[in-house]
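Below: one structure, written as structure tokens.
The values are calculated or read from the model by the stated rules, or taken from the named source; none is laboratory data. Quick caveat: nothing in here was measured; it's all calculated off a predicted structure. Cβ sites come from the backbone with ideal geometry, for glycine too, and all protein chains shown count toward neighbours.
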Amino acid sequence: MTSDELRELFLRFFVERDHQMVPSSSLVPHGDPTLLLTTAGMVQMKPYFLGQATPPKPRLASCQKCFRTTDIDSVGDAKHLTFFEMLGNFSVGDYFKKEAIAWAWEFVTGWVKLPRERLWTTVYLDDDEAAGLWTEAGVPPERVIRLGKKDNFWGPAGDSGPCGPCSEIHYDLGKDVGCRRADCNPGCDCERFVEVWNLVFMQFNQDRQGKRTPLPRPNIDTGMGLERLAAVVHGKLSVYDTDTFRPLLQRVAEISGKQYGRGEASDRAMRVVAEHARGIAFLIADGVIPGNEGRGYVLRRLLRRAALFGRKLGLEKPFLAEMAGAVIQAMGHVYPELTRGRDFILQVIRLEEERFQDTLSTGLENLDGVIARKGEGLRVISGEEAFVLYDTYGFPVELTREIARDRGFTVDEAGFEQQMEQQRQRARAAARFGNAEAHAAFDYSRLTLPATVFTGYESTSGEGRIVSLVVDGSPADVAEAGQGVEVVLDTTPFYAEMGGQVGDEGVLKGATGSMQVEDTVWVRPELIAHRGHVVGGRLVAGDTVTAEVDAERRADIMRNHTATHLLQAALRQVLGEHVQQRGSLVSPERLRFDFSHLRALEADEVERIQRLVNESIRRNLPVVGRVVQYQQAINEGAIALFDEKYGDTVRMVQVGEPPARLSAELCGGTHVSATGNIGLLLITSEGSIGAGLRRIEAVTGRGAEGLAGSYMSSLQGLAEQLRSTPEEVPQKLAALQAELDAERKHSAQLERELSRRVAESLVGQATPVNGVTVLAARVSASTMAGLREMGDVLREKLGSAVIALGTVVDGRPQFLVMVTPDLVGRGLHAGKIALKVAQVTGGGGGGKPEMAQAGGKDRNKMAEALALVPGLVEKAVQK
Ligand code: SER
């Protein structure tokens with residue numbers, strides 16, 4: 001049975017038992033702040049288990065892409081994997097232990113036909129129920145083992161979430177494997193028993209402090225690694241001997257010219273390359289891009305580790321794109337995102353691997369230097385040395401460690417960690433400083449204030465009570481005219497800066513005075529503050545004020561914000577689904593949208609994107625924001641921000657209604673009510689802002705009107721100057737350009753002719769010096785090119801000579817010296833002569849033996865300088 005067949009068989013088994021098959025979710029757990037990457041099949045089920053969302057059916061089954069970072073450094077042995085596929089069946093408050101155990105047993109013995117005598121099971125210490133169910137199913141009691149929390153209590157994934165006792169099926173590889181003790185069982189740490197399937201009885205939700213509360217209803221979450229199952233079914237000891245890895249190892253062998261199975265070191269390197277190639281391809285397919293933190297760093301580390309092990313196989317040139325190609329070929333039929341994203345995946349890898357090669361050669365050079373400077377007997381690389389390599393050259397400490405080990409050195413780990421900690425402290429200090437500037441440094445966590453009620457989705461004005469006044473960083477009861485102040489209201493229509501949308505401006509008007517609001521910000525989760533100055537009278541804490549947002553400015557902002565949603569939809573349509581928002585700025589004047597994409601956009605792509613957006617504007621689609629459950633929004637296909645953390649409920653902004661929906665995004669911003677309001681969008685620039693990242697800037701509404709207007713009047717002015725119509729301007733300009741070119745050509749010709757004549761008139765001035773023809777003269781040429789032209793003519797006319805010409809360009813003396821090849825043979829050197837000559841005028845320069853240029857400062861010394869030449873020639877020839 002192939003891995004493909006096993007995957008299908010598993011899903012069919014559970015579909016026949018009334019489960020709904022759900023597709024694998026992304027490796028990037030969108031909206032789950034507790035996890036860096038998807039580590040288990042249950043990750044996408046979490047909201048169901050927690051009672052936050054309703055599953056499409058209470059019984060579900062999946063084959064989930066998983067990635068576990070804890071084992072990266074162990075990859076290369078027989079069993080550890082970073083990326084793997086997990087088969088799982090799930091019950092959301094439906095069936096429990098009885099069915100889960102009976103079906104698991106039926107599947108492994110009846111469908112996959114693993115020999116019963118090789119199967120053992122484990123249960124949590126006091127789980128008599130599970131133990132009884134296994135024996136009922138037919139497992140001999142002596143092969144049901146009770147284990148503690150370490151083995152038989154699962155979860156939570158990350159620092160909090162659903163968890164519960166679990167029960168596992170293990171496969172016995174036989175007496176000859178592992179510790180060989182007679183009483184060896186699945187509780188043993190040796191290699192004899194392989195955990196095949198884990199059935200988790202999800203009963204609790206654990207919070208960050210470790211406190212467990214029962215879930216609304218008990219659930220089932222099971223997980224079986226497909227690669228391991230395949231190995232067991234194929235009777236192999238290692239996952240690398242299955243049909244999943246064989247083609248990949250084969251490809252490594254082809255690229256490197258090494259054979260698998262010829263030596264432990266090279267086998268290990270080949271396994272690392274094959275394993276990491278899968279992880280790399282799948283991570284990029286799910287939108288991860290190499291970076292210095294979080295998921296980006298996991299990817300970068302994987303790629304670098306693979307590249308480094310490749311070097312051990314003699315692969316000095318980039319090869320990982322080819323490996324990823326093999327992964328896509330092998331798995332693209334199961335995971336279409338690989339095939340769809342193929343070009344993008346390969347290009348990300350190529351760029352990153354090339355960059356790493358550069359880093360590597362610079363870093364290696366430096367590390368070599370560090371090692372070479374060590375005296376005899378000193379075999380420790382200091383923490384500071386390792387840190388400099390890391391911080392200045394981007395050379396990963398893992399590599400320093402690995403290379404050091406290969407050469408018999410060690411790294412002072414504690415010293416390195418100390419340096420890192422110092423750097424972190426510096427960064428924190430810098431961040432604090434930056435913040436202090438941006439936010440008047442008042443710590444609102446000291447006050448007990450109710451969450452601000454935001455009414456700005458519906459209107460731009462309303463009443464609110466002043467619940468806090470801060471003047472010059474301290475709470476106050478009164479703020480006087482002219483004072484800088486920060487005001488918190490219980491209710492406000494002012495939008496506080498968030499998600500790229502800038503804060504609102506406007507006024508707060510009270511009975512005794514008013515305030516100009518210059519910015520609105522979040523000072524604490526759920527707390528909005530208005531910043532600005534009291535402009536008349538005084539503001540008093542506790543008073544009620546009328547809050548009026550500058551509505552025109554806000555309307556400009558809303559147009560730009562809705563336009564970014566239209567822009568994102570158009571980008572995905574034109575460039576592909578890999579486009580992901582990486583940042584944005586929505587201000588009244590313009591919008592900026594940063595996204596992942598590898599190449600510069602073609603002019604026609606930009607044009608198509610702009611056209612699509614403007615079509616959507618003219619369709620005047622309704623824009624509606626709704627608060628929904630996070631999981632529901634995701635299920636409805638809403639786009640979540642790549643690195644954003646979301647709560648259980650989110651605001652989903654839809655443009656157009658299904659089925660004609662154009663876009664759905666999780667977004668807290670303010671939007672126009674229909675796209676027609678935007679008026680027009682004009683893209684003003686497109687460019688790169690880093691590897692794999694692009695930025696588009698655009699204007700809409702009044703901004704677009706202003707821009708179009710100013711372009712039109714410039715064009716009209718231009719047309720008038722050219723005595724043409726605006727439409728004829730390009731044609732007219734082209735004609736003028738052609739005229740100018742012809743004119744330039746003509747005058748260049750004239751100048752050359754002139755140079756030639758001048759040069760010819762100089763021939764007579766040549767004098768013999770010790771048998772060498774020497775010509776040193778001041779001429780008038782307006783450019784160095786003209787001077788060279790003269791030199792060329794003279795050289796041709798004189799045949800064998802030393803020619804030194806001087807002229808003044810832009811007020812400074814310039815020299816050209818030429819020595820014909822025959823005279824170079826006699827020891828004359830144009831560069832040396834030029835240097836000596838130029839020095840007389842306070843300058844310097846030099847060049848080759850046959851030709852040199854030099855410049856000076858004092859034009860009055862020109863004659864004196866040139867007069868030096870015959871003497872220099874005489875001396876050189878004598879020697
Ligand atoms: N969540 C459990 C695991 O990862 C079972 O799916 O092993």
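Select, from Gly88, Gly155, the only residue that is more than 24 Å from Arg7 (Cα to Cα) and not basic (Lys, Arg). One residue alone meets the criteria, Gly155. Scanning the range 54-80 for residues that are modelled with pLDDT under 95 and either under 17 Å from Ala157 (Cβ atoms) or assigned to a helix (DSSP H, G or I) (or both) gives Arg68, Thr69, Thr70, Asp71, Ile72, Asp73, Ser74.
Go through the range 154-165 and give me each residue that's within 11 Å of the ligand (Cβ to nearest atom) and either part of a loop (DSSP other than H, G, I, E, B) or within 26 Å of Ala102 (Cα to Cα) (or both). First the steps, then the outcome.
Just the residues of the range 154-165 that are within 11 Å of the ligand (Cβ to nearest atom), to begin with: 154-157, 161-164.
Hits for the range 154-165 are Trp154, Gly155, Pro156, Ala157, Pro162, Cys163, Gly164.
How many residues are assigned to a helix (DSSP H, G or I) and surrounded by 17 or more Cβ atoms within 10 Å (Cβ to Cβ) if we restrict to the range 403-414? Step through it out loud before you land on a result.
Kept after step one, since they are assigned to a helix (DSSP H, G or I), are these residues of the range 403-414: 403-406, 413-414.
Retained after the next criterion (residues that are surrounded by 17 or more Cβ atoms within 10 Å (Cβ to Cβ)): 403-404.
The number of residues fulfilling the criteria is 2.
Restricting attention to the range 216-225, the residues being at pLDDT below 90 and either within 14 Å of the ligand (Cβ to nearest atom) or basic (Lys, Arg) (or both) number 1. The residues of the range 837-864 that are over 53 Å from the mean Cα position of the chain (by Cα), within 16 Å of Val774 (Cα to Cα) and surrounded by 17 or more Cβ atoms within 10 Å (Cβ to Cβ) amount to a single one, Val837.
Quick one: is Arg68 basic (Lys, Arg) and more than 13 Å from the ligand (Cβ to nearest atom)? Steps first, please.
Values: basic (Lys, Arg): yes; more than 13 Å from the ligand (Cβ to nearest atom): no.
Against the criterion (basic (Lys, Arg) and more than 13 Å from the ligand (Cβ to nearest atom)), Arg68 does not qualify.
Checking the conditions here, which among Leu823, Leu794, Leu798 is over 22 Å from Glu751 (Cα atoms), over 60 Å from the mean Cα position of the chain (by Cα) and hydrophobic (A, V, I, L, M, F, W, C)? Show your work before the answer.
On the way: Leu794 fails: over 22 Å from Glu751 (Cα atoms); Leu798 fails: over 22 Å from Glu751 (Cα atoms).
Checking each option against the conditions leaves just Leu823.
Among the residues of the range 11-30, those identified as away from the ligand (no atom under 16 Å from the Cβ) and either acidic (Asp, Glu) or closer than 16 Å to Asp159 by Cβ (or both) are Glu16, Asp18.
Return yes or no: is Pro659 farther than 30 Å from Glu293 by Cα and modelled with pLDDT of 90 or more? Judged against the criteria, Pro659 is not a match.
Just one of the listed residues (Gln203, Gln209, Gln250) is assigned to a loop (DSSP other than H, G, I, E, B) and surrounded by fewer than 21 Cβ atoms within 10 Å (Cβ to Cβ), namely Gln209.
Taking the range 720-733 as the range and being out of contact with any Ser or Thr (no Cβ under 6 Å at 6 or more places or on another chain) and either at pLDDT 95 or above or of a type outside the set (A, V, I, L, M) (or both) as the test, the residues that pass are Glu720, Gln721, Arg723, Ser724, Thr725, Pro726, Glu727, Glu728, Pro730, Gln731.
Which residue, of Trp105, Trp120, is part of a strand (DSSP E or B), over 23 Å from Val288 (Cα atoms), touching a residue at least 24 places away in the same chain (Cβ under 8 Å) and more than 14 Å from the ligand (Cβ to nearest atom)? Break it down stepwise before answering.
Numbers: Trp105 fails: part of a strand (DSSP E or B).
Selected residue: Trp120, the only one of Trp105, Trp120 that is part of a strand (DSSP E or B), over 23 Å from Val288 (Cα atoms), touching a residue at least 24 places away in the same chain (Cβ under 8 Å) and more than 14 Å from the ligand (Cβ to nearest atom).
Considered as a group, the residues in the range 38-59 that are more than 13 Å from the ligand (Cβ to nearest atom) and more than 19 Å from Thr649 (Cβ to Cβ) include one that is surrounded by the fewest Cβ atoms within 10 Å (Cβ to Cβ), and that residue is Pro56. Just one of the numbered conditions (1) touching a residue at least 60 places away in the same chain (Cβ under 8 Å); (2) of a type in the set (A, V, I, L, M, F, W, C); (3) surrounded by 16 or more Cβ atoms within 10 Å (Cβ to Cβ) is not true of Trp111: (3). Pairs meeting the criteria (first residue in the range 205-218 and free of Cβ contacts under 8 Å to residues at least 12 places away in the same chain, second residue among the acidic types (Asp, Glu) and surrounded by 11 or more Cβ atoms within 10 Å (Cβ to Cβ), beta carbons under 8 Å, at least 6 apart or on different chains) are Thr213/Asp207. Filter the range 452-502 for residues that are acidic (Asp, Glu), in a loop (DSSP other than H, G, I, E, B), surrounded by fewer than 15 Cβ atoms within 10 Å (Cβ to Cβ) and touching a residue at least 40 places away in the same chain (Cβ under 8 Å) and give the result. Result: Asp477, single match.
For (1) within 21 Å of Gly871 (Cβ to Cβ); (2) modelled with pLDDT under 95; (3) assigned to a loop (DSSP other than H, G, I, E, B), each residue gets a yes or a no:
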| residue | (1), (2), (3) |
| --- | --- |
| Lys797 | no, yes, no |
| Thr807 | no, yes, no |
| Pro813 | yes, yes, no |
| Gly842 | yes, yes, yes |
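Within the option set Thr34, Thr38, being touching a residue at least 60 places away in the same chain (Cβ under 8 Å), within 26 Å of the chain's Cα centre (by Cα) and under 23 Å from Val288 (Cα atoms) holds for one residue only, Thr34.
Go through the residues of the range 858-874 one by one and say whether even a single one is of a type in the set (A, V, I, L, M), in contact (Cβ under 8 Å) with a residue 12 or more places away in the chain and part of a strand (DSSP E or B). No, the range 858-874 has no match at all. Candidates in the range 167-194 are the residues that are part of a strand (DSSP E or B) and either surrounded by fewer than 17 Cβ atoms within 10 Å (Cβ to Cβ) or of a type in the set (A, V, I, L, M, F, W, C) (or both); of these, the one that is modelled with the highest pLDDT is Ile169. Screening Arg228 against (1) within 12 Å of the ligand (Cβ to nearest atom); (2) on the phi > 0 side of the Ramachandran plot leaves a single unmet condition, (2).
How many residues does the range 137-147 contain that are in contact (Cβ under 8 Å) with a residue 24 or more places away in the chain and more than 16 Å from the ligand (Cβ to nearest atom)? Explain how you work it out, then say what you get.
Restricting attention to the range 137-147, the residues satisfying the condition of being in contact (Cβ under 8 Å) with a residue 24 or more places away in the chain are 137-139, 143-147.
After this cut, where a residue has to be more than 16 Å from the ligand (Cβ to nearest atom) as well, the list is 137-139, 143-146.
The number of residues fulfilling the criteria is 7.
If you take the residues of the range 391-418 that are hydroxyl-bearing (Ser, Thr, Tyr) and at pLDDT below 85, which of them is farthest from Ser74 (Cα to Cα)? Among residues in the range 391-418 that are hydroxyl-bearing (Ser, Thr, Tyr) and at pLDDT below 85, the one farthest from Ser74 (Cα to Cα) is Thr392.
Would you check if there is a residue in the range 80-93 being of a type in the set (Asp, Glu), within 15 Å of the ligand (Cβ to nearest atom) and either farther than 18 Å from Glu16 by Cβ or surrounded by 21 or more Cβ atoms within 10 Å (Cβ to Cβ) (or both)?
At the first step, the residues of the range 80-93 found to be of a type in the set (Asp, Glu) are 85.
With within 15 Å of the ligand (Cβ to nearest atom) added as a condition, the list becomes 85.
Now drop any that are not either farther than 18 Å from Glu16 by Cβ or surrounded by 21 or more Cβ atoms within 10 Å (Cβ to Cβ) (or both), which leaves 85.
Yes, because at least one residue in the range 80-93 is of a type in the set (Asp, Glu), within 15 Å of the ligand (Cβ to nearest atom) and either farther than 18 Å from Glu16 by Cβ or surrounded by 21 or more Cβ atoms within 10 Å (Cβ to Cβ) (or both).
Filtering the range 166-208 to residues that are more than 16 Å from the ligand (Cβ to nearest atom) and touching a helix residue (DSSP H, G or I) at 6+ places or on another chain (Cβ under 9 Å) leaves Asp172, Leu173, Gly174, Asn185, Gly187.
Considering Arg301, Arg271, Arg262, Arg295, which residue is of a type in the set (Lys, Arg), at pLDDT 95 or above and away from the ligand (no atom under 16 Å from the Cβ)? Give the steps one after another, and end with the answer.
Numbers: Arg301 fails: at pLDDT 95 or above; Arg262 fails: at pLDDT 95 or above; Arg295 fails: at pLDDT 95 or above.
Of Arg301, Arg271, Arg262, Arg295, the one residue that is of a type in the set (Lys, Arg), at pLDDT 95 or above and away from the ligand (no atom under 16 Å from the Cβ) is Arg271.
Flag not set for Asp127, criterion: surrounded by 12 or more Cβ atoms within 10 Å (Cβ to Cβ), of a type in the set (Asp, Glu), in contact (Cβ under 8 Å) with a residue 24 or more places away in the chain and over 24 Å from Pro58 (Cβ atoms).
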